[in-house]
Amino acid sequence: MGIIYDSATQTFHLQGKSSSYIMQLIKSKYLAHVHWGRQVRGSHSGGLLAIRRRCSFSPSTDPNDLALSLDTLPQEFPSYGSSDFRVPAYQVQMVNGTTVSELTYESHRIYQGKQQLEGLPATYTENDGEAESIDIVMTDQQIGLKVTLTYTVFRDYDAVTRSVRFENVGDHSIKLLRALSFGMDLPHAEFDMLHLSGTWARERHIERRPIVTGGSVIESRRGASSHSLNPFIALLSKQADEEHGEAYGFSLVYSGSFIAQAEVDPYGTTRVVMGINPFDFSWLLESGQCFQTPEAVLVYSAEGIGGMSRTYHKLYRTRLCRGEFRDQSRPILINNWEATYFNFNADKIEELAEVGKELGLELLVLDDGWFGKRDNDKSSLGDWFVDQNKLPKGMPDLASRVNSHGLEFGLWFEPEMVSPDSNLYRSHPDWCLHVPGRRRTEARQQLVLDYSRQDVRDYIVTVITDILASCPISYVKWDMNRNMTEIGSALLPSERQRETAHRYMLGLYEVMERITSAFPKVLFESCSGGGGRFDPGMLYYMPQTWTSDNTDAVERLKIQYGTSIVYPISAMGAHVSAVPNHQVHRNTPLDMRGHAAMSGNFGYELDLTAFTEADKEAVKRQVALYKELRPLIQFGEFYRLSSPFQGVDAAWMFVSEDRKEALVAYFQVLAQPNPSLKKLRLKGLEASKNYCVYDADASDEAMEFFGGDQLMHIGLHLPIWKGDFRSRLYRLRMEE
Ligand code: DGJ
């Protein structure tokens, strides 16, 4: 592992666990992309790049070398305006209005470890031996632009992180019109692109399509990473499946508007770029000022999509998430939202805690409606003071009543929002994003606070801190229920208005850093109408996210399966809710709802006090079982076995790192008439060892024994069930 620079050929070789990322300086000036993929040996003699003369429509920068054209050279951080006609990674505008720039190599520095990005979330190392980094400095001397490309390669992963720092080292201001986090030109176009799309209550469905000449773009213009498209794409070799083929993952550690693009040129080169969406973005760099882009995390897998996902899972779980809860089991909770919505009082919440205790639950979360005059979603966001009508004795009293039943107490906030019907808005009507003279478009009767403003941020930090310090709150759900419109800030000058959305994100990250570091013992869960901001940026501050507002077990199979393409299981909140389900009105059995929710951070979100005795017994068993399985589920390796996007069933499994224990979850969504006999091929087991296999909900006397090789290569017999919505958890234990 490490970074080797071969000065004879001016080649940079970044070696990951089993992969290589190679770049080369061409004519000591241009930084070309040579290879990213399977590992090759460290010393080589260059000559890996074929540079061919094309035609006059791909001009050369050197009259003495017509083969050298920026339009055909595979590059690492392409410019705009001086002969490369493909999509650029950045674009600048000078005071004279022109937009042409060209970067050439100036210097580089290789160092152990990884430096953090100022004010932005990013992956990290715990000691310098875990990674090596390189800063490559490129400049455009004519306009005084210095661009530092930073790469980090991790010792134990096939992952390379990239980010860019722009610095104005000249005398005149420069406007960044586009400042993406990386560019890269892959040598062919035989790829499918996979991405995650959806909407509210239907997040992160998997889409896969061939890339063709021209651009394949996914983006958010919503001021949030969004339900619609996740800041992630993968390029897959045509044959790639869960276990085989090459997968190249690109994931952006950012929670705002983004773009990811794969552009195929006429010669079959695929240019990939990703970063802050340049749409309605610009950033003014006065002389001496810098701009830091978010980090992109690039993962290579020669073992298909599953291999790529497991790299992201472990890297994000252990080197992106932070804090005490990073490695700690997450509590089983009861959330009152779907149980009561806004209609609760202290007695009702205490009753939920009382039954929760009986069932073995560990945490009660009081959701929306405890503050201001919030009896519906029409008012009070911003007035973070306890509603004395619902909770006359205040939050400390309620927290201690919940604690007295042995449950921890958690609380919901939506700190980025303000209701027009609130004291906060009445006192500070300019504290929201808005454009003078224009309608302030409401969504869910609320407006977005202007987090680009320090006064707004300080106010929010103070009020949230006051509540968190007022009583033993051990969990916070941080919600955000609309996207940005009329994006403008009352405090920014006209030439900086297009910075508002990114300044908002920087402000949000600052607020989350201040609050989470002031309360290190609190487990924070992010949420945005479910999974509207399920992204790596949020995971840096809050190690888990409410996966979706859709709690229907059938819909959750798709949502959780899609989410697992990038994000670790320990990041996914998953709750059992009532039937008929509140989002899709479907009736599914408690078993299946339990099995789906137990495949994430488990909890309940229904009125426990309405349970029959039989339901209570079933829930007690679910809770006890989850407690046994929790380390395996939350921290084991995850394998997708059967996709809910194809066919009528779904399956996945969790395997402990030492492979001694595993859990298979199988779901029959729809029954089929006279079905074929199905076998499920398992993954990740020790082929040479035997495993005992049994139904996790039944007694382990009915166990069967199979070789790991049999289970993986022949498969586990699946039951033939009549009826829809059936499921089973199989436990596997390796025989010593
Ligand atoms: C949206 C969240 O996703 C729900 O879980 C709930 O907290 C509501 N907001 C409350 O308004």
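Quick look at the values:
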item: Chain lengthening between Tyr267 and Asn674 when straightened (0.36 nm per residue, less Cα-Cα); result: 141.4 nm
item: Computed lengthening from Phe279 to Arg444, 0.36 nm per intervening residue step minus Cα-Cα distance; result: 56.9 nm
item: Built amide H within the under 5 Å cut-off of Asp697, gap 5+; result: Leu729
item: Zero-based 5 Å bins, Cα pair distances in the stretch 448-607, whole percents; result: 2, 8, 16, 17, 16, 14, 11, 9, 4, 2, 1, 0
item: R0 of 41 Å, Cβ-Cβ distance Gln116-Ala578: FRET efficiency to nearest 0.05; result: 0.40
item: Net charge, Lys348 excluded, C-beta distance under 13 Å - Lys, Arg +1, Asp, Glu -1; result: -4
item: Spin-label pair Ile714/Ala687, simplified geometry with 7 Å Cα→Cβ offset, distance in nm; result: 1.6 nm
item: Solvent-accessible area per residue, Å², over the stretch 634-736 with all protein chains present [probe radius 1.4 Å]; result: 50 Å²
item: Distance from the stretch 328-351 to the stretch 204-228 (C-alpha centre basis), Å; result: 36 Å
item: Accessible-area composition of the chain, carbon plus sulfur, in percent [1.4 Å probe]; result: 47 percent
item: Dipole magnitude of the chain about its Cα centre (Cβ charges: Lys, Arg +1; Asp, Glu -1), debye to nearest 20; result: 1080 debye
item: Where labels lie 7 Å past Cα in the beta-carbon direction, separation of Ser400 and Glu735 in nm; result: 5.8 nm
item: DSSP beta bridges in the chain [antiparallel fraction, %, rounded to 5]; result: 85 percent
item: Kyte-Doolittle mean at least -1.0, axial Cα span of 30 Å or more - DSSP H helices of the chain; result: 613-635
item: Segment Asp695-Glu495, extension gain: residue separation times 0.36 nm, minus the distance between their alpha carbons; result: 65.6 nm
item: R0 of 35 Å, Cβ-Cβ distance Asp65-Ile4: FRET efficiency to nearest 0.05; result: 0.80
item: Dipole of the chain, positive end: most advanced residue of Val669, Met572, Ala131 [Cβ charges, Cα centre]; result: Val669
item: Selection of trypsin sites (Lys or Arg not before Pro), the stretch 242-342, meeting DSSP coil and at most 15 other Cβ within 10 Å; result: Arg326
item: Within-10-Å neighbourhood charge of Glu735 [Cβ basis; K, R +1; D, E -1]; result: +2
item: Nearest-0.05 FRET efficiency for Asp135 and Arg52, computed from C-beta distance (R0 45 Å); result: 0.90
item: Distance from the stretch 710-736 to the stretch 1-39 (C-alpha centre basis), Å; result: 46 Å
item: Span from the the stretch 554-631 Cα centroid across to the the stretch 233-294 one, whole angstrom; result: 35 Å
item: Paramagnetic reach from Asn587 (point 7 Å along Cα→Cβ, amide N under 17 Å) across the stretch 667-681; result: 670-671
item: Shape call, the stretch 2-319: gyration tensor on alpha carbons, a/c limit 1.5; result: rounded
item: Two-decimal log10 I(q)/I(0) for the stretch 241-341, as the Debye equation yields it once each C-alpha is a single scatterer, q = 0.15 Å⁻¹; result: -0.93
item: Three-way shape call for the stretch 190-312 based on the alpha-carbon gyration tensor, with the a/c threshold at 1.5; result: prolate
item: In nm, spacing of pseudo-spin labels at Asp430 and Lys17 (7 Å Cα→C-beta vector); result: 5.4 nm
item: Relative contact order of the stretch 2-319, pairs being alpha-carbon contacts under 8 Å that are 6 or more residues apart, as %; result: 17 percent
item: Proximal charge balance of Leu670 [Cβ under 13 Å; K/R count +1, D/E count -1]; result: +1
item: Normalised contact order of the chain, rounded percent, pairs of Cα under 8 Å and 6 or more residues apart; result: 10 percent
item: Distance-filtered residues of the stretch 85-111 - backbone nitrogen under 19 Å, label point 7 angstrom along His172 Cα→Cβ; result: 91-104
item: Three-way shape label, the stretch 641-734, alpha-carbon gyration tensor, a/c 1.5; result: prolate
item: Rounded D (µm²/s) - the chain, Kirkwood Rh over Cα pairs, Stokes-Einstein at 20 °C, 1.002 mPa s; result: 79 µm²/s
item: Along principal axes, Cα extents of the stretch 89-177, largest first, whole Å; result: 48, 25, 21
item: Trypsin sites (Lys or Arg not before Pro) within the stretch 1-84, DSSP loop, no more than 10 other Cβ atoms inside 10 Å; result: Arg41, Arg52
item: Neighbour cut-off at most 13 other Cβ (10 Å), DSSP loop, GluC sites (Glu not before Pro), the stretch 311-369; result: Glu324
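The values are calculated or read from the model by the stated rules, or taken from the named source; none is laboratory data. A quick note: this is a predicted structure, and the numbers were derived from the prediction, not measured. No Cβ is skipped: glycine too gets one built from the backbone with ideal geometry, and neighbour counts run over all protein chains shown. Note: accessible area is taken over every heavy atom of the protein model, side chains too, but ligands, DNA and RNA are not part of it. Shrake-Rupley method; radii C 1.70, N 1.55, O 1.52, S 1.80 Å.
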